[in-house]
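Down below is the structure, laid out as C-alpha coordinates.
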Amino acid sequence: MGSIGPEPIPLGGEITAQTQRKPRFLCLHGFRTSGAIMEKQVIGKWPRHVTSRLDLFFADAPFPAEGTSDVEGIFPPPYYEWFQFSKDFMDYRNFDECLAYIEDLIIKRGPFDGLMGFSQGAILSAALPGLQARGLALTKVPKIKWVVIISGAEFRKPEVAEKAYATKIECPSLHFLGKDDFLRIHGEKLLKSFVDPLVIQHPKGHTVPRLVDENSLETMDAFLSMMESDIAKTLHDSAEEKSPIVECVVSV
(Lines give C-alpha, C1' and ligand atoms only; values in the text may rest on other atoms or scores of the structure.)
Protein backbone atom coordinates (compact mmCIF):
# COMPACT_ATOMS: atom_id res chain seq x y z
CA MET A 1 0.00 0.00 0.00
CA GLY A 2 1.20 3.50 -0.72
CA SER A 3 0.28 7.12 -0.34
CA ILE A 4 0.77 10.07 -2.64
CA GLY A 5 0.54 13.51 -1.09
CA PRO A 6 0.84 14.90 2.42
CA GLU A 7 -1.15 13.83 5.44
CA PRO A 8 -4.38 15.80 5.82
CA ILE A 9 -4.20 18.96 7.91
CA PRO A 10 -6.63 19.00 10.82
CA LEU A 11 -9.61 21.29 10.46
CA GLY A 12 -9.44 24.61 12.22
CA GLY A 13 -7.15 27.57 12.25
CA GLU A 14 -6.55 30.37 9.79
CA ILE A 15 -7.04 29.58 6.11
CA THR A 16 -3.74 30.07 4.33
CA ALA A 17 -1.84 28.45 1.49
CA GLN A 18 -0.15 26.30 4.13
CA THR A 19 -3.36 25.04 5.77
CA GLN A 20 -5.43 24.47 2.63
CA ARG A 21 -5.36 20.71 2.38
CA LYS A 22 -5.91 18.52 -0.68
CA PRO A 23 -8.90 16.21 -1.26
CA ARG A 24 -7.87 12.85 0.19
CA PHE A 25 -8.94 9.65 -1.57
CA LEU A 26 -8.78 5.97 -0.73
CA CYS A 27 -7.98 4.27 -4.04
CA LEU A 28 -9.39 0.78 -4.74
CA HIS A 29 -7.60 -1.11 -7.50
CA GLY A 30 -8.95 -3.48 -10.13
CA PHE A 31 -9.55 -7.23 -9.91
CA ARG A 32 -6.38 -9.25 -9.37
CA THR A 33 -4.05 -6.27 -9.41
CA SER A 34 -2.74 -4.21 -6.45
CA GLY A 35 -2.45 -0.79 -4.92
CA ALA A 36 1.04 -0.42 -6.36
CA ILE A 37 -0.27 -1.22 -9.83
CA MET A 38 -3.09 1.32 -9.60
CA GLU A 39 -0.60 3.90 -8.38
CA LYS A 40 1.42 3.37 -11.56
CA GLN A 41 -1.75 3.50 -13.66
CA VAL A 42 -2.90 6.81 -12.20
CA ILE A 43 0.33 8.66 -11.38
CA GLY A 44 1.98 7.39 -14.55
CA LYS A 45 -0.84 8.54 -16.85
CA TRP A 46 -2.33 11.68 -15.34
CA PRO A 47 -0.43 14.95 -15.61
CA ARG A 48 1.37 16.31 -12.59
CA HIS A 49 -0.84 19.41 -12.44
CA VAL A 50 -3.77 17.04 -11.77
CA THR A 51 -2.20 14.54 -9.36
CA SER A 52 -0.48 17.31 -7.36
CA ARG A 53 -3.94 18.56 -6.34
CA LEU A 54 -4.90 15.21 -4.82
CA ASP A 55 -3.79 13.21 -1.77
CA LEU A 56 -4.09 9.58 -2.83
CA PHE A 57 -3.69 6.43 -0.75
CA PHE A 58 -3.46 3.21 -2.78
CA ALA A 59 -4.56 0.17 -0.78
CA ASP A 60 -4.23 -3.56 -1.45
CA ALA A 61 -7.40 -5.66 -1.40
CA PRO A 62 -7.73 -8.23 1.41
CA PHE A 63 -7.59 -11.46 -0.60
CA PRO A 64 -4.72 -12.89 -2.67
CA ALA A 65 -5.70 -13.57 -6.29
CA GLU A 66 -7.31 -16.98 -6.66
CA GLY A 67 -6.51 -17.23 -10.37
CA THR A 68 -4.55 -15.73 -13.23
CA SER A 69 -4.30 -11.97 -13.44
CA ASP A 70 -4.89 -10.14 -16.71
CA VAL A 71 -1.87 -7.95 -15.98
CA GLU A 72 0.67 -10.78 -15.66
CA GLY A 73 3.66 -9.91 -17.80
CA ILE A 74 2.73 -6.22 -17.63
CA PHE A 75 2.90 -5.54 -13.90
CA PRO A 76 4.69 -7.75 -11.35
CA PRO A 77 2.86 -9.64 -8.58
CA PRO A 78 1.53 -9.91 -5.93
CA TYR A 79 -2.09 -9.57 -7.10
CA TYR A 80 -5.20 -9.18 -4.95
CA GLU A 81 -8.98 -9.19 -5.25
CA TRP A 82 -11.61 -7.40 -3.16
CA PHE A 83 -14.10 -10.27 -3.22
CA GLN A 84 -14.94 -13.25 -5.39
CA PHE A 85 -17.88 -13.54 -7.79
CA SER A 86 -19.62 -15.93 -10.16
CA LYS A 87 -19.34 -15.67 -13.96
CA ASP A 88 -22.67 -13.88 -14.22
CA PHE A 89 -21.68 -11.52 -11.37
CA MET A 90 -24.82 -12.51 -9.47
CA ASP A 91 -23.21 -14.30 -6.51
CA TYR A 92 -20.41 -12.95 -4.32
CA ARG A 93 -18.12 -14.54 -1.79
CA ASN A 94 -16.34 -12.67 1.02
CA PHE A 95 -18.36 -9.54 0.22
CA ASP A 96 -19.20 -8.66 3.83
CA GLU A 97 -15.58 -9.28 4.78
CA CYS A 98 -14.53 -6.89 2.02
CA LEU A 99 -16.79 -4.13 3.32
CA ALA A 100 -15.48 -4.60 6.86
CA TYR A 101 -11.90 -4.50 5.55
CA ILE A 102 -12.48 -1.20 3.73
CA GLU A 103 -14.06 0.32 6.82
CA ASP A 104 -11.06 -0.79 8.89
CA LEU A 105 -8.74 0.76 6.30
CA ILE A 106 -10.55 4.07 6.60
CA ILE A 107 -10.38 3.94 10.40
CA LYS A 108 -6.67 3.13 10.45
CA ARG A 109 -5.38 5.12 7.47
CA GLY A 110 -7.99 7.86 7.14
CA PRO A 111 -9.75 10.11 7.33
CA PHE A 112 -10.58 10.15 3.63
CA ASP A 113 -12.83 12.54 1.76
CA GLY A 114 -13.67 10.15 -1.04
CA LEU A 115 -13.13 6.92 -2.92
CA MET A 116 -11.41 6.43 -6.27
CA GLY A 117 -11.85 3.04 -7.90
CA PHE A 118 -10.94 1.20 -11.08
CA SER A 119 -12.89 -1.84 -12.38
CA GLN A 120 -13.78 -4.02 -9.36
CA GLY A 121 -12.63 -1.16 -7.14
CA ALA A 122 -14.88 1.21 -9.11
CA ILE A 123 -17.91 -1.05 -8.64
CA LEU A 124 -17.27 -0.95 -4.89
CA SER A 125 -16.59 2.80 -4.83
CA ALA A 126 -19.85 3.54 -6.64
CA ALA A 127 -21.97 1.34 -4.36
CA LEU A 128 -20.52 2.28 -0.98
CA PRO A 129 -22.08 5.78 -0.69
CA GLY A 130 -25.55 4.30 -1.13
CA LEU A 131 -24.89 1.48 1.30
CA GLN A 132 -23.46 3.95 3.80
CA ALA A 133 -26.46 6.27 3.47
CA ARG A 134 -28.74 3.37 4.42
CA GLY A 135 -26.56 2.35 7.37
CA LEU A 136 -25.48 -0.90 5.71
CA ALA A 137 -21.75 -0.19 5.36
CA LEU A 138 -19.07 2.20 6.65
CA THR A 139 -21.16 3.04 9.71
CA LYS A 140 -18.11 3.84 11.88
CA VAL A 141 -16.51 6.41 9.56
CA PRO A 142 -17.44 9.84 8.17
CA LYS A 143 -19.68 10.19 5.16
CA ILE A 144 -18.10 9.70 1.74
CA LYS A 145 -18.08 13.12 0.08
CA TRP A 146 -16.91 12.33 -3.46
CA VAL A 147 -16.22 9.37 -5.75
CA VAL A 148 -14.13 8.90 -8.88
CA ILE A 149 -15.32 5.90 -10.91
CA ILE A 150 -13.01 4.52 -13.62
CA SER A 151 -14.54 1.70 -15.71
CA GLY A 152 -17.32 1.10 -13.21
CA ALA A 153 -20.63 -0.74 -13.16
CA GLU A 154 -23.52 -1.57 -10.86
CA PHE A 155 -23.79 -4.69 -8.75
CA ARG A 156 -26.17 -7.09 -10.47
CA LYS A 157 -27.23 -9.17 -7.50
CA PRO A 158 -30.69 -7.83 -6.57
CA GLU A 159 -30.09 -8.09 -2.82
CA VAL A 160 -27.10 -5.75 -3.14
CA ALA A 161 -28.37 -3.51 -5.94
CA GLU A 162 -31.66 -2.75 -4.18
CA LYS A 163 -29.73 -1.53 -1.16
CA ALA A 164 -26.92 0.34 -2.92
CA TYR A 165 -29.03 2.18 -5.51
CA ALA A 166 -32.40 2.40 -3.72
CA THR A 167 -32.30 6.17 -4.15
CA LYS A 168 -30.05 8.32 -6.30
CA ILE A 169 -26.60 8.81 -4.83
CA GLU A 170 -26.13 12.47 -4.01
CA CYS A 171 -22.38 12.74 -3.47
CA PRO A 172 -20.63 14.42 -6.43
CA SER A 173 -19.09 11.89 -8.80
CA LEU A 174 -16.69 11.78 -11.74
CA HIS A 175 -17.02 8.83 -14.13
CA PHE A 176 -14.61 7.63 -16.83
CA LEU A 177 -16.23 5.80 -19.78
CA GLY A 178 -14.07 4.12 -22.42
CA LYS A 179 -15.33 3.78 -25.99
CA ASP A 180 -14.04 0.20 -26.25
CA ASP A 181 -14.51 -0.79 -22.60
CA PHE A 182 -16.43 -4.05 -22.21
CA LEU A 183 -18.10 -2.46 -19.15
CA ARG A 184 -19.15 0.70 -21.01
CA ILE A 185 -22.86 -0.20 -21.19
CA HIS A 186 -22.87 -0.98 -17.47
CA GLY A 187 -20.97 2.23 -16.73
CA GLU A 188 -23.58 4.23 -18.61
CA LYS A 189 -26.33 2.53 -16.62
CA LEU A 190 -24.49 3.39 -13.41
CA LEU A 191 -24.70 7.10 -14.26
CA LYS A 192 -28.46 6.96 -13.72
CA SER A 193 -27.87 6.07 -10.06
CA PHE A 194 -26.08 9.38 -9.39
CA VAL A 195 -27.29 12.97 -9.14
CA ASP A 196 -25.57 15.18 -11.74
CA PRO A 197 -22.55 12.94 -12.50
CA LEU A 198 -19.60 14.43 -14.37
CA VAL A 199 -18.33 12.23 -17.21
CA ILE A 200 -15.00 11.95 -19.00
CA GLN A 201 -15.22 10.03 -22.30
CA HIS A 202 -12.06 8.43 -23.67
CA PRO A 203 -11.26 6.35 -26.79
CA LYS A 204 -9.61 3.42 -25.00
CA GLY A 205 -10.87 0.17 -23.47
CA HIS A 206 -10.85 -1.21 -19.92
CA THR A 207 -8.03 0.91 -18.56
CA VAL A 208 -7.13 3.98 -16.57
CA PRO A 209 -6.95 6.50 -19.42
CA ARG A 210 -4.49 9.28 -19.97
CA LEU A 211 -5.75 12.80 -19.44
CA VAL A 212 -4.56 14.65 -22.50
CA ASP A 213 -7.44 16.19 -24.44
CA GLU A 214 -8.85 19.60 -23.55
CA ASN A 215 -12.37 18.43 -22.71
CA SER A 216 -11.15 15.77 -20.27
CA LEU A 217 -8.81 18.20 -18.55
CA GLU A 218 -11.57 20.82 -18.26
CA THR A 219 -13.93 18.29 -16.67
CA MET A 220 -11.24 17.12 -14.26
CA ASP A 221 -10.38 20.70 -13.36
CA ALA A 222 -14.04 21.44 -12.65
CA PHE A 223 -14.26 18.44 -10.32
CA LEU A 224 -11.03 19.34 -8.54
CA SER A 225 -12.07 22.98 -8.15
CA MET A 226 -15.43 21.94 -6.69
CA MET A 227 -13.72 19.79 -4.06
CA GLU A 228 -11.14 22.45 -3.24
CA SER A 229 -13.87 25.06 -2.77
CA ASP A 230 -15.78 22.75 -0.48
CA ILE A 231 -12.70 22.04 1.64
CA ALA A 232 -11.86 25.75 1.84
CA LYS A 233 -15.39 26.51 3.03
CA THR A 234 -15.24 23.72 5.61
CA LEU A 235 -11.90 24.97 6.92
CA HIS A 236 -13.17 28.55 7.03
CA ASP A 237 -16.35 27.61 8.88
CA SER A 238 -14.37 25.50 11.34
CA ALA A 239 -11.91 28.33 11.97
CA GLU A 240 -14.75 30.75 12.66
CA GLU A 241 -16.36 28.34 15.13
CA LYS A 242 -13.09 28.00 17.03
CA SER A 243 -12.26 31.72 17.06
CA PRO A 244 -12.47 33.17 20.59
CA ILE A 245 -15.27 35.61 21.23
CA VAL A 246 -13.91 38.92 22.47
CA GLU A 247 -16.31 41.05 24.49
CA CYS A 248 -15.80 44.78 24.36
CA VAL A 249 -16.92 46.74 27.43
CA VAL A 250 -17.36 50.42 26.91
CA SER A 251 -17.44 52.65 29.99
CA VAL A 252 -19.38 55.84 29.84
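The values are calculated or read from the model by the stated rules, or taken from the named source; none is laboratory data. Just so it is clear, the structure is predicted and the values come from calculations on it, not from any experiment. Cβ atoms come from the backbone with ideal geometry, glycine included; neighbour counts cover every protein chain shown. Quick note on the areas: whole protein, heavy atoms, side chains included, nothing else; ligands and nucleic acids left out. Shrake-Rupley method; radii C 1.70, N 1.55, O 1.52, S 1.80 Å.
Kirkwood Rh, Cα Rg: Rg to Rh for the chain?
1.02
What is the Cα radius of gyration of region 185-227 over 2.2 N^0.38 Å, N being its residue count?
Taking N as the residue count of region 185-227, the ratio is 1.25.
For the chain, which whole-number percentage of the solvent-accessible area (1.4 Å probe, protein heavy atoms only) is attributable to carbon and sulfur atoms?
Carbon with sulfur: 54 percent of the solvent-accessible area.
Over 16 Å apart: what share of the alpha carbon pairs of region 66-148 falls there, rounded to a whole percent?
58 percent
Toward the positive end of the charge dipole of the chain, about the Cα centre and with charges on Cβ (Lys, Arg +1; Asp, Glu -1), which of Thr207, Thr51, His236 goes farthest?
Thr207
Placing unit charges on C-beta atoms (Lys and Arg positive, Asp and Glu negative, everything else neutral), compute the dipole magnitude of the chain about its Cα centre in debye, rounded to 20.
Computed charge dipole of the chain: roughly 260 debye.
At a Förster radius of 51 Å, what calculated FRET efficiency corresponds to the Cβ-Cβ distance of Val199 and Glu241, to the nearest 0.05?
0.90
Hey, what does the equivalent ellipsoid look like for region 33-100, semi-axes from the Cα gyration tensor as sqrt of 5 times each eigenvalue, largest first, whole Å?
Working: eigenvalues 136, 48, 22 Å².
Each semi-axis is the square root of five times an eigenvalue, giving 26, 15, 11 Å.
log10 I(q)/I(0), Debye, Cα-only region 125-252, no solvent, q = 0.10, 0.14 Å⁻¹?
Log-scaled intensity ratios, in q order: -0.43, -0.72.
Given the C-alpha centroids of region 51-71 and region 103-120, what is the distance between them in whole angstrom?
11 Å
Anyone know which of Pro23, Pro172, Pro76 comes out most mobile in the 10 Å Cα GNM of the chain?
Pro76
What accessible area per residue comes out for the chain, rounded to a whole number of Å², with a 1.4 Å probe?
Per residue, the chain has an accessible area of 51 Å².
Counting Lys +1, Arg +1, Asp -1, Glu -1, what net charge surrounds Gly178 among other residues with beta carbon under 10 Å of its beta carbon?
+1
Just want the answer: with Cβ charges of +1 for Lys and Arg and -1 for Asp and Glu, which residue in Pro111, Pro23, Ser86 is farthest toward the dipole's positive end in the chain?
Projecting each Cα onto the dipole axis, the largest value belongs to Ser86.
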